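Asks: After the structure tokens below, expect a handful of questions from me.
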Amino acid sequence: DVKVTQSSRYLVKRTGEKVFLECVQDMDHENMFWYRQDPGLGLRLIYFSYDVKMKEKGDIPEGYSVSREKKERFSLILESASTNQTSMYLCASWSPVLGYTEAFFGQGTRLTVV
Amino acid sequence: AQSVTQLDSQVPVFEEAPVELRCNYSSSVSVYLFWYVQYPNQGLQLLLKYLSGSTLVKGINGFEAEFNKSQTSFHLRKPSVHISDTAEYFCAAMDSNYQLIWGAGTKLIIKP
């Protein structure tokens, strides 16, 4: 069974802390994504990566960075957490091979910054 | 601009009644279209997808969607909903760069 695993379901961090959100997939997918989900705004793309050590900014990259040192792992970093980064964070992976095109999602990490 | 529009933020419906969740996409996106479901406190999972072929696509849990190119729509339907269908439903389209463009989501609320 395919899996995308996010390291934490719930996190509470203080303003100014450096926060790491980890995501691991076991499907050998090239593409991995980090989304932020807020009520009424749907999914907004923060960063994505289409290969190891490659990264591309999404729609809302400010205040975030990412790391992809291995194909299976894609980390989201909040350099200095702020209260407006309180949100649900979703990691996804997929392969762009047509016919097999499906994004697989992790369970999500609900981050609260206090 | 590339966009996917879900016209309703919430759809209340009685149990065992039919439901339609509406999705329209801009003509500038590709016609690879998807519906995902998110149950409370879960990630998203694929309900169904349209890549080519028959315009009527059947998915899991009794859902189906119809691709209508002339109306640029991909509405999701179920003939009889159950309380377990309570979730948020997202429509998405894939652009030419293999990126997914998401709608804002529709919450399906089942009334007993």
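What follows is calculated from the coordinates using simple rules that are stated; it is not laboratory data. No experiment lies behind these values; they were computed from the predicted model shown. Counting neighbours? That spans all protein chains shown, and the Cβs are built from the backbone with ideal geometry, glycine included.
Asks: Of the listed pairs A:Lys18/A:Lys57; A:Lys13/A:Lys71; A:Lys13/A:Lys53; A:Lys18/A:Lys55, which have alpha-carbon separations greater than 22 Å here?
Replies: A:Lys13/A:Lys71; A:Lys13/A:Lys53
Asks: Now for a separate question. Say R0 is 25 Å: what FRET efficiency, to the nearest 0.05, do B:Ser26 and A:Val97 get from their beta-carbon distance?
Replies: 0.50
Asks: So how strong a dipole does chain A carry about its Cα centre when Lys and Arg Cβ are +1 and Asp and Glu Cβ are -1, to the nearest 20 debye?
Replies: With Lys and Arg at +1 and Asp and Glu at -1, about 380 debye.
Asks: Can you list which of the trypsin sites (Lys or Arg not before Pro) found in region A:1-73 are DSSP loop residues with at most 12 other C-beta atoms within 10 Å?
Replies: A:Lys3, A:Arg9, A:Arg14, A:Lys18, A:Lys53
Asks: Around B:Tyr98, under 15 Å between beta carbons, what's the net of Lys plus Arg minus Asp minus Glu among the other residues?
Replies: Its environment carries a net charge of -4.
Asks: While we're here: Over all directions, what mean area does the Cα convex hull of region B:27-112 project, stated in square nanometres?
Replies: 6.1
Asks: Separate question: For chain A, what is the relative contact order in percent, using Cα pairs closer than 8 Å and at least 6 residues apart in sequence?
Replies: Relative contact order, chain A: 36 percent.
Asks: How large is the direction-averaged shadow of the alpha-carbon convex hull of chain A, in nm²?
Replies: One quarter of the hull surface, i.e. the mean projection, equals 6.9 nm².
Asks: What net charge is computed for the residues neighbouring B:Ile109, neighbours being all others with C-beta under 13 Å from the C-beta of B:Ile109, Lys and Arg scored +1, Asp and Glu -1?
Replies: Taking every Cβ under 13 Å from that of B:Ile109, the sum is -2.
Asks: Cα-based Rg of the protein assembly as shown per 2.2 N^0.38 Å, rounded to two decimals?
Replies: Ratio of Cα Rg to 2.2 N^0.38 Å: 1.02.
Asks: I'd like the distance between the alpha-carbon centres of region B:53-112 and region A:81-113, rounded to an integer number of Å.
Replies: 19
Asks: Using Cβ counts within 10 Å as a stand-in for footprinting exposure, how do B:Ile109, B:Ile83 rank, fewest first?
Replies: Least to most surrounded, the residues fall as B:Ile83, B:Ile109.
Asks: What percentages make up the Cα-Cα pair-distance distribution of region A:27-67 when the bins are 5 Å wide from 0?
Replies: Answer for region A:27-67: a P(r) of 6, 23, 29, 21, 13, 6, 1 percent.
Asks: With θ set to phi - 60° and the Karplus curve 6.51 cos²θ - 1.76 cosθ + 1.60, what are the ³J(HN,Hα) couplings of region A:69-84 in order, to the nearest whole Hz, using x for Gly and Pro?
Replies: Going residue by residue, I get 8, 10, 4, 7, 10, 9, 10, 10, 10, 9, 4, 8, 4, 10, 4, 6 Hz, with x marking Gly and Pro.
Asks: Tell me the GluC sites (Glu not before Pro) within region B:9-76 that lie in a loop according to DSSP and have at most 16 other beta-carbon atoms within 10 Å.
Replies: B:Glu15, B:Glu16
Asks: DSSP loop chymotrypsin sites (Phe, Trp or Tyr not before Pro) in region B:59-112 with at most 13 other Cβ atoms within 10 Å of their Cβ, which ones?
Replies: In loop regions of region B:59-112 (DSSP not H, G, I, E or B), there are no sparsely surrounded chymotrypsin sites (Phe, Trp or Tyr not before Pro).
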